[in-house]
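Worksheet: one structure, shown below.
Read-outs throughout are calculated quantities, based only on the coordinates presented, and are distinct from any laboratory measurement. On a predicted model such as this, the values are computed, not experimentally measured, just so you know. Neighbour counts are summed over all protein chains in view; Cβ atoms, including those assigned to glycine, are modelled from backbone coordinates with ideal geometry.
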Amino acid sequence: MLVHICCSVDSHFFLQKLKEKYPNEKLIGFFYDPNIHPYSEYRLRLLDVQRSCEKLGIPLIEGEYDYENWLRAVRGLENEPEKGERCRVCFDRRLEVAAKKTKELGEQRYTTTLLVSPLKSQEQLQQSAKTIDKELGTQFVFEDFRKFGGTQLQAKVSKEEKLYRQDYCGCLFGLMQQRAKQEMIMDEMIAPITHQILPASIEERLTMYQKRMELEEKGIEYTIIRKRFLNYRLLRGFVRINKEVVPSYILSYSHLRRDFAKARIEEIIDGVGYANRDEIRVVSLDFLRKFVEVESMSQLYFEGISFEMEMKIRQEIDGAYSLSPIVVLDKIPDRFELYIDAVSYKDVKEELIIKDKNA
Ligand code: SF4
């Protein structure tokens, strides 16, 4: 039986239950989820499914990440609510590809781990499968492992197995609606061109979950804890000198009183230029070279520096808890204009702790 897999939280429990119910059936996992956006989130969910399938001894096939086709299929349904028409099309597409894969493998029976998710409509899934089976001659296996306390047991299993528990269904449109309702910034969609790994970003989680797998391979004990903190995202920023935008680098946690300030440097102390407005500090590339090797502003702009290093530099210039705008320019100018559109917000992130510090 081919098992279409959406994520590890659903698949681990669902596959365990399937193994119990069909002990003689050969199960094949099929990860086909081009609805997941962005791609880093897709990779993170796939990574966790690979780990889960390995633990359960189930072979896994990765489907194509044909995101453009998925987008084409849901065109015009972007504003539909969850469990609405867009989700029906999304199920149709994923189940149809799963059914075709089943036939390609010379099998007839298939199912999906979406059935166990409390947020999905089992009726919608069954309806989609019925139409597909009529057309392709496949056989969808319906199982309801949610009942008799299944959902509670699934939550327990996912915690015990330290599975990656995502907090949105998968697509861009569902996420937009969810974050709007929560009045939260959609920070999943923000990734700097420098590829800097931002706190609580998908990229940070991906790195952490990869490390987790390395630790498990080496048999090193670890735990994953959650931490509340003040997060930050720079949405847009630039510096103008004599009406020309010049190359600049704005350090994280920089905030202006409003978005825009015209300022002049009043004094320079130990290489730090202090401006007359909004507690702005300006440092030169030379100053930055005390901390990192960097040749030019353009290298800094495209390659960036690590978030941790930015924090170290901020601490050195402005001390702890600082939210002053700190800008790196080629040289400290006399006058300049600064634009910063940024947000700071309460957030929660996961952190990996190695239990045996000597490991
Ligand atoms: S909300 Fe989920 S099921 Fe609905 S379209 Fe988006 S990814 Fe698919």
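FRET efficiency for the pair ILE193 and ASN24, taken as 1/(1 + (r/R0)^6) with r the Cβ-Cβ distance and R0 = 51 Å, rounds to 0.45. Taking every DSSP bridge with both residues inside the chain, close to 70 percent are antiparallel.
Relative to the longest principal axis of the Cα atoms of the chain, helix 202-218 runs at roughly 60 degrees. In region 232-338, the convex hull through the Cα atoms has an average projected area of 6.2 nm², a quarter of its surface area. Taking each of LYS120/LYS162; LYS181/LYS227; LYS21/LYS55 in turn, the alpha-carbon distance tops 20 angstrom for LYS120/LYS162; LYS181/LYS227. What the Kirkwood sum gives for region 265-320 is a hydrodynamic radius of 12.2 Å, with every pair of different alpha carbons counted. Debye-formula intensities of region 24-92, expressed as log10 I(q)/I(0) at q = 0.19, 0.25, 0.26, 0.28 Å⁻¹, are -0.84, -1.09, -1.12, -1.20 (one equal scatterer per alpha-carbon, no solvent). Coordinate range of the alpha-carbon atoms in the chain per principal axis, descending: 77, 54, 35 Å. Comparing ILE28, ILE241, ILE326, which has the greatest mean-square fluctuation in the GNM of the chain with Cα pairs linked when under 10 Å apart? Fluctuation is largest for ILE241.
Among ARG72, ARG281, ARG86, the largest mean-square fluctuation in a Gaussian network model of the chain (Cα springs under 10 Å) belongs to ARG72. Straight-line cross-link partners of LYS243 among the aspartates and glutamates, defined as a Cα under 15 Å from its Cα and at least 8 positions apart when in the same chain: ASP334, GLU337.
Only alpha carbons enter this Debye calculation for region 48-125, each as an equal point scatterer, and the log10 of I(q)/I(0) it gives at q = 0.12 Å⁻¹ is -0.43. When the helices of the chain are scored as -39500 (n - 2.57) per DSSP H run of n ≥ 4 and the total is divided over every residue, the value at 222 nm lands at -12000 deg cm²/dmol. A dipole drawn for the chain from +1 and -1 charges on Cβ atoms has a positive end, and of VAL97, VAL245, GLN139 the residue lying farthest that way is GLN139.
With only Cα atoms counted, region 115-232 has Rg and Dmax values of 18.9, 54 Å. Given +1 at the Cβ of Lys and Arg, -1 at the Cβ of Asp and Glu and no other charges, the dipole of region 128-188 around its Cα centre is 220 debye to the nearest 20.
A simple spin-label model places pseudo-atoms 7 Å from Cα toward Cβ; at THR223 and GLU143 they are separated by 3.3 nm. For the chain, the relative contact order works out to 18 percent when only alpha carbon pairs closer than 8 Å and six or more residues apart are counted.
Charges were assigned to the Cβ only: +1 to each Lys and Arg, -1 to each Asp and Glu. The resulting dipole of region 1-148 about its Cα centre is roughly 320 debye.
Of THR102, THR113, THR194, the residue with the greatest mean-square motion in the GNM of the chain, using alpha carbon springs below 10 Å, is THR194.
Assigning unit charges at the beta carbon (Lys, Arg +1; Asp, Glu -1) and nothing else, what dipole magnitude in debye, to the nearest 20, does the chain show about its Cα centre? Intermediate values should be presented prior to the final figure.
On the way: 57 positive and 59 negative charges, 196 e Å.
Value, rounded to 20: 940 debye.
The Cα-based radius of gyration and maximum Cα-Cα distance (Dmax) for region 2-185 are 15.7, 49 Å.
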